[in-house]
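Undergrad: I'd like to ask you about the structure that follows.
Where a number appears in this text, it was derived from the coordinates with a stated rule and is not lab data. Just so it is clear, the structure is predicted and the values come from calculations on it, not from any experiment. We place every Cβ from the backbone using ideal geometry, glycine too, and count neighbours over all the protein chains shown.
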Amino acid sequence: MTHRIPTHSSVALAGVTLALAALFTFGAMTPGLPGERVASAQDDPSPTTSVVPETTSTLPLGNEDVGNILPRPNSGREPESPGDPGGSQQVALFFLVCFVIVAMTGFVWGRSRVTRARRAAAGKDPVKVVSEHGGDVRAPRPPGIVD
């Protein structure tokens with residue numbers, strides 16, 4: 001049995017994965033960023049005036065379809081802030097996810113080409129090995145099925 005020696009790319013990938021896992025773990029355990037306020041017990045029990053924040057809705061202004069849970073097409077409103085549905089944050093996240101999927105596919109495809117080239121250079125290409133021994137690469141057909 002031969003043992004695989006880790007390549008530089010697999011060591012680097014493992015290092016990046018470990019660093020990201022540590023970052024997410026550390027981020028989940030910290031109470032907040034330096035500029036953030038952390039919720040705590042109130043020191044001063046004196047009453048203060050509260051400001052009710054203004055709320056926004058995705059319902060149309062006329063509100064003719066009261067009781068209809070699903071909004072009709074083209075009846076919403078355009079995003080006003082980056083976090084609104086259809087805002088720049090959602091669009092950026094969509095393209096980031098698409099980029100990651102394409103990058104992962106390209107990485108797997110590239111590594112498979114390199115591995116096949118190495119295997120062929122070592123004389124261990126499965127197609128060549130089977131064809132040199134007079135065999136067929138394809139699995140045998142089940143009985144009763146013809147081309």
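Undergrad: Considering only residues that are surrounded by 10 or more Cβ atoms within 10 Å (Cβ to Cβ) and either of a type in the set (Val, Ile, Thr) or in a loop (DSSP other than H, G, I, E, B) (or both), which ones fall in the stretch 132-147?
TA: Hit for the stretch 132-147 is VAL137, nothing else.
Undergrad: How many residues are outside any helix (DSSP H, G or I) and surrounded by fewer than 11 Cβ atoms within 10 Å (Cβ to Cβ) if we restrict to the stretch 105-131?
TA: So the count comes out to 3.
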